[in-house]
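Visitor: Structure below; questions to follow.
The values are calculated or read from the model by the stated rules, or taken from the named source; none is laboratory data. Model, not experiment: these values are computed from the prediction. Every residue, glycine as well, gets a Cβ built from its backbone with ideal geometry; the counts of neighbours run over all protein chains shown. With ligands, DNA and RNA removed, areas are computed over all heavy atoms of the protein, side chains included. Shrake-Rupley method; radii C 1.70, N 1.55, O 1.52, S 1.80 Å.
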Amino acid sequence: HYDGDNASAIGWNSAPISPTVAAMFPANLTLPHAGMLLSSVDVYINDPGTDYILKIYDMGNSYQPGELLVSQPFDGVSLSWNNIELANPVYITGADIWVGYQFTQPTTDIFIPGTDGGPANPNGDFISTGVGWSHLSNNPDLNYNWNIRANLTGMPVIHWLGVDPVSGTVTPGN
């Protein structure tokens, strides 16, 4: 996770709206955990919303996720950390993975997804309100990370291959 303790929450001036908030975990973070299972996710929900759906995406690129791997509805409890156990855990391959959730904000003047106090990590504050993804921190007044935590179980595979030096040339046949 990128977040610290819950410190705030975000709301929209128009409703209803059904955004998706997410954190992207790049390969440099997931590779040491390859072979483990993403078995649950913790999210902080501030005010009550509706239609909560946990979403886990495969590797995409630096600005949008790839294929949707998990779409699992859950009951969100406000003013609380919510632990969502995956019905079908996701195998960690060592590639990028995106973890987030969608919800509906039914009225204005409520603030559903929890955030930390910042500063934002460029991988911890993705948001989509329709087509495309952006960063919450694109608004300089919202320099936060979403309160999203991916929980792994199991043992990583043994990494048996390494290189030293990390650059150079090998001639054919060697």
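Visitor: Counting only protein heavy atoms and a 1.4 Å probe, tell me what percentage of segment 32-174's accessible area is made up of carbon and sulfur.
Guide: 55 percent
Visitor: For segment 32-69 and segment 76-90, compute the distance between their C-alpha centroids and round to whole Å.
Guide: Each part's Cα centre sits 11 Å from the other's.
Visitor: Counting alpha carbon pairs within less than 8 Å and at least 6 residues apart, what relative contact order, in whole percent, applies to segment 23-124?
Guide: 44 percent
Visitor: Now for a separate question. What is the distance in Å between the Cα centres of segment 91-105 and segment 2-30?
Guide: Cα centroid of segment 91-105 versus Cα centroid of segment 2-30: 11 Å apart.
Visitor: Then there's this: Using semi-axes √(5λ) of the Cα gyration tensor in Å as the read-out, say which of [x] 38, 17, 12; [y] 33, 18, 14; [z] 44, 17, 11 was calculated from these coordinates.
Guide: [y]
Visitor: Using Cα-Cα distances under 8 Å and only pairs 6 or more residues apart, what relative contact order does the chain have, in percent?
Guide: Relative contact order of the chain: 38 percent.
Visitor: Among Pro16, Ala95, Pro122, whose Cα lies farthest out toward the positive end of the dipole of the chain, if unit charges sit on the beta carbon of Lys, Arg (+1) and Asp, Glu (-1)?
Guide: Value computed over the given set: Ala95.
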